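Chemist: After the structure tokens below, expect a handful of questions from me.
We did not get these values from a lab; they are worked out from the coordinates using the rules stated. The model shown is predicted, which means the values in this text are computed figures rather than measured ones. Note that each Cβ is placed from the backbone with ideal geometry, even for glycine, and that neighbours are counted across all protein chains shown.
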Amino acid sequence: MARNTQVAADHDAPPITRILADYVAGHRSRGWSDAVDHEAHRTFLNWLGCGVGAARHESVEAALAAVRMLEPAPQASILGRAEKVDMASAALLNGIGSHTFDFDDTHLKTIIHPAGPVASALLALAEHSGASGRQLLDALVLGIDVACRLGNTVYPDHYDRGWHITGTTGMFGAAAGCARLLGLDAQQTQMALGIAASQPVGLREQFGTMTKPFHPGGAARAGLMAALMARHGYTASPKAIEAPRGWAQVVSTKYAWNEVTDELGERFEISFNSYKPFACGIVIHPSIDACVQLRERGIAPGQIERIELKVHSLVLELTGKKEPADGLQGKFSVYHGCAAGLLFGRAAEAEFADEIVNRPDVVALRRKVVATVDDSIDEASVDVTAVLADGRREHVFVEHAIGSLQRPMSDADLEAKFHGLSDDILGTARSGELLRACWALGAAPDVRGLTALARP
């Protein structure tokens with residue numbers, strides 16, 4: 001059978017792999033504003049709390065059981081646990097843990113959860129090498145910039161094809177960050193990015209299963225290994241990202257190279273990071289927000305005959321599970337999210353426990369939710385009407401949900417979220433110490449003091 005072998009010519013693309021390598025290797029330490037540096041601390045703090053909070057989840061237990069069979073050397077910590085494993089396995093496990101609750105950060109322009117792959121790789125390497133907090137933060141900002149700029153380059157076409165963009169760009173961010181932390185030169189960093197290009201991780205088919213959080217973990221491990229291999233002379237194509245059969249042109253029909261080069265070193269994608277108040281898919285957040293508002297108006301579940309949602313098509317594509325069977329599936333059910341908001345006034349991890357998802361009153365309420373597609377509504381918005389038994393109709397339109405860039409979580413909100421995740425694992429006092437260590441990370445001479453606090 002004949003094959004279509006037409007591909008873009010080499011000269012159509014700038015040398016993206018080299019441009020990014022030069023940037024990562026050469027950008028000056030803390031070469032950004034105080035606001036960007038503060039966002040890096042917020043990103044790390046939020047990621048760490050999510051990782052600690054999931055320490056005892058069955059997904060982490062299962063992955064750790066598999067890692068133990070490899071008899072790993074005790075090089076780096078697992079967040080929220082006493083055990084240590086090798087660096088690559090710590091990157092994997094902490095990436096899994098930090099994404100298990102679907103409570104981590106979101107780069108809203110691409111729906112990438114950037115800290116999962118990048119911070120997980122960096123903390124494992126930094127702990128083993130005794131890096132300073134400033135070195136880790138520099139690598140975090142630059143690694144996230146690489147991952148999200150490449151995400152901007154191929155989104156949304158790449159995502160629409162079925163790739164989980166967190167994993168399929170995360171290995172670049174992890175490789176770039178680890179290359180920076182290792183002090184690799186531009187040539188070695190270029191090789192690290194090239195090695196990473198052959199390891200995109202993640203399919204959207206896996207959403208609602210343990211394999212979704214595997215994606216940032218797998219990307220963290222892949223990026224770390226790519227940097228370590230490049231350090232020791234392993235080679236790759238110097239055009240592995242931009243070549244006609246390189247990463248971007250293979251995994252996407254869109255590749256806007258200017259998204260990498262525009263304002264490189266001046267605009268930092270971590271500035272567009274957001275943090276979740278609800279432990280589920282980001283596109284459910286406006287609907288939960290609206291239902292919480294209905295509850296605050298005094299509307300009780302027993303009064304409700306029907307909840308009418310008008311949402312963008314992406315909401316039902318991603319979170320249209322009408323009858324979730326467990327908590328992981330519940331995180332991808334806009335119907336369950338609405339029921340949680342109305343019944344509990346919140347949707348933290350507890351509201352996605354298996355027993356809550358299957359509780360009769362929760363099931364009954366979510367079956368009253370009727371969702372219809374209206375693509376005139378932005379994917380970050382929702383139009384909700386509660387039809388009450390007495391005939392009244394209560395309407396809420398949410399343009400931007402709490403936690404969005406327009407309505408961001410404050411530092412105090414993030415601290416409360418952190419304690420809610422980590423207190424049961426570490427205890428309130430130790431959680432407080434760890435929280436203070438996160439805020440002071442930029443001044444820490446060695447990250448090992450922080451990782452010690454992250455273990456019970």
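Chemist: Based solely on its DSSP helices, what 222 nm [θ] is calculated for the chain when runs of n ≥ 4 H residues each add -39,500 (n - 2.57) and the sum is averaged over all residues, nearest 500 deg cm²/dmol?
Modeler: So the calculated ellipticity at 222 nm is -16000 deg cm²/dmol.
Chemist: Hey, how many Å between the Cα centroid of the range 307-375 and the Cα centroid of the range 55-72?
Modeler: 30
Chemist: Let me ask something else about it. Expressed as an acute angle from 0 to 90° and rounded to the nearest 10, what is the orientation of the C-alpha long axis of helix 34-53 relative to the principal long axis of the chain?
Modeler: Helix 34-53 and the main axis of the chain meet at about 70 degrees.
Chemist: Measure off 7 Å from each Cα along the Cα-to-Cβ vector at VAL373 and ALA350, then give the distance between these two points in nanometres to one decimal.
Modeler: 3.7
Chemist: When the dipole is taken about the Cα centre of the range 282-398, and only Lys, Arg (+1) and Asp, Glu (-1) are charged at their Cβ, what size is it in debye, to the nearest 20?
Modeler: 340
Chemist: Can you give the angle from 0 to 90° between the axis of helix 115-129 and the longest principal axis of the chain, with both taken from C-alpha atoms, to the nearest 10?
Modeler: The answer is roughly 40 degrees.
Chemist: Rounded if a/c is under 1.5, else prolate if a/b beats b/c, else oblate: with a ≥ b ≥ c from the C-alpha gyration tensor eigenvalues square-rooted, which is the range 174-247?
Modeler: oblate
Chemist: From the Cα trace of the range 315-456, what convex hull volume per residue do you get, rounded to a whole Å³?
Modeler: Values: hull volume 22.3 nm³, N = 142.
For the range 315-456, the hull spanned by Cα atoms encloses 157 Å³ per residue.
Chemist: Under the classification rounded if a/c is under 1.5, otherwise prolate if a/b is larger than b/c and oblate if not, where does the range 5-79 fall, given a ≥ b ≥ c as square roots of the Cα gyration tensor eigenvalues? Walk me through the intermediate numbers first.
Modeler: Details: a/c = 2.57, a/b = 1.45, b/c = 1.77.
Here the range 5-79 falls in the oblate category.
Chemist: Loop only by DSSP, 11 or fewer other Cβ within 10 Å of the Cβ. Give me the trypsin sites (Lys or Arg not before Pro) in the range 282-342 that pass, ordered by residue number.
Modeler: Those satisfying the criteria are ARG297.
Chemist: Let me know the charge dipole size of the chain about its Cα centre in debye, to the nearest 20, where only the beta-carbon of Lys, Arg (+1) and Asp, Glu (-1) is charged.
Modeler: 620
Chemist: Under a plain spin-label model, where a point goes 7 Å from the Cα along Cα-to-Cβ, how far apart in nm are ASP411 and ASP423?
Modeler: Those two pseudo-labels are separated by 2.1 nm.
Chemist: Could you tell me which of rounded, prolate or oblate describes the range 282-398, using a ≥ b ≥ c as the square roots of the eigenvalues of the alpha-carbon gyration tensor, with rounded for a/c under 1.5 and, failing that, prolate when a/b is larger than b/c and oblate otherwise?
Modeler: Note, shape of the range 282-398 comes out oblate.
Chemist: Once you have the Cα-Cα distance between LYS254 and GLU296, take 0.36 nm times their residue separation minus that, and quote the gain in nm to one decimal. Mind dumping the intermediate values first?
Modeler: Numbers: separation 42, 0.36 × 42 = 15.12 nm, distance 4.36 nm.
Full extension from LYS254 to GLU296 adds 10.8 nm.
Chemist: Taking the range 360-456, which GluC sites (Glu not before Pro) meet the DSSP loop condition and have no more than 15 other C-beta atoms within 10 Å?
Modeler: Qualifying residues, ordered by number: GLU399.
Chemist: Search the structure for amide H atoms under 5 Å from the amide H of LEU203, placed 1.01 Å from N in the peptide plane, and list their residues when 5 or more places away or on another chain.
Modeler: Answer set, sorted by chain and number: HIS164.
Chemist: State the antiparallel share, in %, of DSSP beta bridges confined to the range 282-398, rounding to the nearest 5.
Modeler: So the antiparallel bridges amount to about 70 percent of the total.
Chemist: Give, as ranges by residue number, the residues of the range 367-395 whose backbone N falls under 19 Å from the point 7 Å along Cα→Cβ of SER313.
Modeler: Correct set: 371-383.
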